[in-house]
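Asks: Before I ask anything, let me first share the structure, which is written out below as structure tokens.
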Amino acid sequence: FILNQLNEGSDHVVKRVNNIQIPEGSSWLTLEYCGNDLEHPLVKSLLKYNATSCLEMCRAVAKGLAYLHSNNIVHRDLKGNNIFSSSNLEAPFVNTKVGDLGGAIKLTDDRKHYHELNGETFKGDDKDGRGSLRNRSPETHKAVSSIEKNGENHKLFEPDQPSADMWALGCVLLESYT
């Protein structure tokens, strides 16, 4: 539901095309078509040891993250599978987009608390809701350790900050280049 909070959008964040409510109470989202994610073998081969392509991809993702962060949204699961390149192989990374905001959270304006639209499940649960292990920032690992030690008191801990996304972007850049 984070996508519903974004108005004009960004050229570097996947856009919601349609939202369909079905009788059982579920919701289906239709998103724009984006081509391949960064884990696709062809895309990986275009990035490997290619500093120009990696920086072009990174620049586009940073613009998408800047837009999310300006709206107090933290992605929390940035990885190659959630970054999409263009299907245009002549310039595949110019319109790179950040997608899969399923684990994203919205923060209050002071960024110290979860926004009320998150609901309980986004504030942390038994599975902690903080995305993939491989790109977690040190502060997120610390929070997860506290959650594991303190059980139900985990909701007292600070929410993830935009810096966690920036750490993950650095991990994606390193993975893409090597």
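The values are calculated or read from the model by the stated rules, or taken from the named source; none is laboratory data. Predicted model, so just to flag it, every value in this text is computed and none were measured. Every residue, glycine as well, gets a Cβ built from its backbone with ideal geometry; the counts of neighbours run over all protein chains shown. Side chains are part of the model used for accessible areas, which takes the heavy atoms of the whole protein and leaves out ligands, DNA and RNA. Shrake-Rupley method; radii C 1.70, N 1.55, O 1.52, S 1.80 Å.
Asks: Could you list, in sequence order, all residues of the stretch 43-66 that are within 25 Å of Leu107 (Cβ to Cβ) and open to solvent by less than 40 Å² (accessible area, probe 1.4 Å)? Walk me through it before giving the result.
Replies: Our first condition is that a residue be within 25 Å of Leu107 (Cβ to Cβ); within the stretch 43-66, this holds for 58-66.
The answer is Cys58, Ala60, Val61, Ala62, Gly64, Leu65.
Asks: If I ask for residues that are at pLDDT 85 or above and hydroxyl-bearing (Ser, Thr, Tyr), which ones from the stretch 78-92 would you list?
Replies: Scanning the stretch 78-92 gives Ser85, Ser86.
Asks: How many of the residues in the stretch 33-76 are within 30 Å of His113 (Cβ to Cβ), touching a helix residue (DSSP H, G or I) at 6+ places or on another chain (Cβ under 8 Å) and not in a helix (DSSP H, G or I)?
Replies: 5
Asks: Answer yes if at least one residue in the stretch 82-90 is open to solvent by 30 Å² or more (accessible area, probe 1.4 Å) and among the small types (Gly, Ala, Ser), and no otherwise. Walk me through it before giving the result.
Replies: Taking the stretch 82-90 and keeping what is open to solvent by 30 Å² or more (accessible area, probe 1.4 Å), we get 84, 87-90.
Still in the list and also among the small types (Gly, Ala, Ser): 87.
Yes.
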